[in-house]
Amino acid sequence: MQVQWYPGHMARTRREIEESLAMVDLVAEVVDARVPVSSRNPDLRQLCSRRPWIIVLNRTDQADPAQTARWRSWFESRGLAVTETDAKSGRGCDRFIPAVRRILAEKLQRLSEKGQGGKAVRIMILGVPNVGKSTFINRIAGRAVLKAEDRPGVTRSRQWVRLESGVDMLDTPGMLWPKFDDPRVGVNLAVTGSVKDEILDVEELAAAFLETLASAAPEGLAARFKVGPEQRALPGHELLAYCARKRGFLLPGGVPDTERCARILLDEYRGGKLGRITLETPDEIEKYGVSEDEQGSVDL
Ligand SMILES: Nc1nc2c(ncn2[C@@H]2O[C@H](COP(=O)(O)OP(=O)(O)OP(=O)(O)O)[C@@H](O)[C@H]2O)c(=O)[nH]1
Ligand SMILES: [Mg+2]
């Protein structure tokens, strides 16, 4: 399934990020812990590759904790600093600023020797839509300065937020890239809410998602939709019809109401009713090959 979503304002966002880059000391990329690779925009990496970088592995409350630990090691083994957060409750957010100060320690030391130690540290927050960038900044700031809502595209322009601790944080609109090379990336971004629902065929999405779930979380599917080992290998559309029948979602004449089932499946996943499920693991990603263009070189 191919999901395309690159509205006009994305190009403007890209330009604004590029412009702001010279002003910031560090880039913090917020990613969704349920899809830590699919929710990374390759364009952003390229755009900001010469800045110190930290990964904010957010939405950890919705992800499988064991997988989150594996992802953390995976990123760290590639030389990237990581903080794990649940911006909704605030868990983990207090470790972010100390981690940033550690990364910038040498630069801050140099500035202080030059008598410029009082300057604010400037951090740009980047990420795909709806991962929790604005909520994260609100948490760190300790007040709800930025608008945050459960849909993609809430933040429309850049906004600086000044913290008492001598840190300035720049919120940016969520950014996608023009084309997903792997169709699973589109599915993962749609399921986790980074792509607007209206542009999607919900049944097609649910069918593709069910195939992922059948391997990533068979327990959740078994508990809510009675999917047993015999059904797991079914093609997505058949699996969707099976789930609709098992839940009693039927149209007149006993036809499975696959559209209703699709909506409920997505709602239940997003609402955590299927459990804390991470949709991609480091092993899989290694299998389908991920580029190694991480931030090796850093301008401090
Ligand atoms: N469960 C959970 N929900 C979160 C977390 N972080 C953010 N949210 C919720 O996710 C929704 C989106 O949050 P935003 O902060 O608006 O996301 P954003 O990345 O700024 O989105 P755009 O501005 O649209 O790009 C809100 O309903 C938040 O409450 C988290 O760690 N866990
Ligand atoms: Mg926002």
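The values are calculated or read from the model by the stated rules, or taken from the named source; none is laboratory data. Since we're looking at a predicted model, the values are computed, not measured. Methodologically, a virtual Cβ is constructed for each residue, glycine included, from the backbone with ideal geometry; neighbour enumeration extends over all protein chains shown. Just so you know, the surface numbers come from the protein's heavy atoms only, side chains and all, with ligands and any DNA or RNA stripped out. Shrake-Rupley method; radii C 1.70, N 1.55, O 1.52, S 1.80 Å.
For I137, indicate whether it is within 15 Å of ligand 2 (Cβ to nearest atom), without any contact (Cβ under 8 Å) to a residue 40 or more places away in the chain, under 27 Å from V191 (Cα atoms) and in contact with an Asp or Glu (Cβ under 8 Å, 6 or more places away or on another chain).
yes
Taking T172, is it within 14 Å of ligand 2 (Cβ to nearest atom), under 26 Å from E84 (Cα atoms), in contact (Cβ under 8 Å) with a residue 40 or more places away in the chain and open to solvent by 40 Å² or more (accessible area, probe 1.4 Å)?
So T172 fails the test.
Just give me the residues in segment 193-211 being surrounded by 20 or more Cβ atoms within 10 Å (Cβ to Cβ) and of a type in the set (V, I, T), in sequence order.
Matches in segment 193-211: V195 only.
State which residue pairs qualify: first residue free of Cβ contacts under 8 Å to residues at least 12 places away in the same chain and inside segment 142-153, second residue more than 6 Å from ligand 1 (Cβ to nearest atom) in any location, beta carbons under 6 Å apart, and separation of 6 or more residues or different chains.
From residues that are free of Cβ contacts under 8 Å to residues at least 12 places away in the same chain, the pairs are A144/N138.
Going by the structure shown, is I54 out of contact with any Gly (no Cβ under 8 Å at 6 or more places or on another chain), without any contact (Cβ under 8 Å) to a residue 60 or more places away in the chain and open to solvent by less than 10 Å² (accessible area, probe 1.4 Å)?
yes
Just to verify a result, which residue in segment 143-168, among those that are more than 10 Å from ligand 1 (Cβ to nearest atom) and of a type in the set (A, V, I, L, M), is most open to solvent (accessible area, probe 1.4 Å)?
Looking at residues that are more than 10 Å from ligand 1 (Cβ to nearest atom) and of a type in the set (A, V, I, L, M), I get A144.
Is segment 72-85 home to any residue that is loosely packed, with under 13 Cβ neighbours inside 10 Å, among the basic types (K, R) and part of a helix (DSSP H, G or I)?
no
Which helices (runs of 4 or more DSSP H) does segment 174-284 wholly contain that include 2 or more residues that are farther than 30 Å from R156 by Cβ and hydroxyl-bearing (S, T, Y)?
202-216
List every residue pair whose Cβ atoms sit under 7 Å apart, with the two residues 6 or more apart in sequence or on different chains, where the first one lies in segment 239-268 and is closer than 23 Å to L200 by Cα and the second, anywhere, is surrounded by fewer than 16 Cβ atoms within 10 Å (Cβ to Cβ) and of a type in the set (A, V, I, L, M).
Going by the 7 Å Cβ cut-off, the qualifying pairs are P256/L250; D257/L250; D257/L251.
Do we find that A190 is small (G, A, S), within 15 Å of ligand 1 (Cβ to nearest atom) and loosely packed, with under 13 Cβ neighbours inside 10 Å in this structure?
When the stated conditions are applied, A190 does not pass them.
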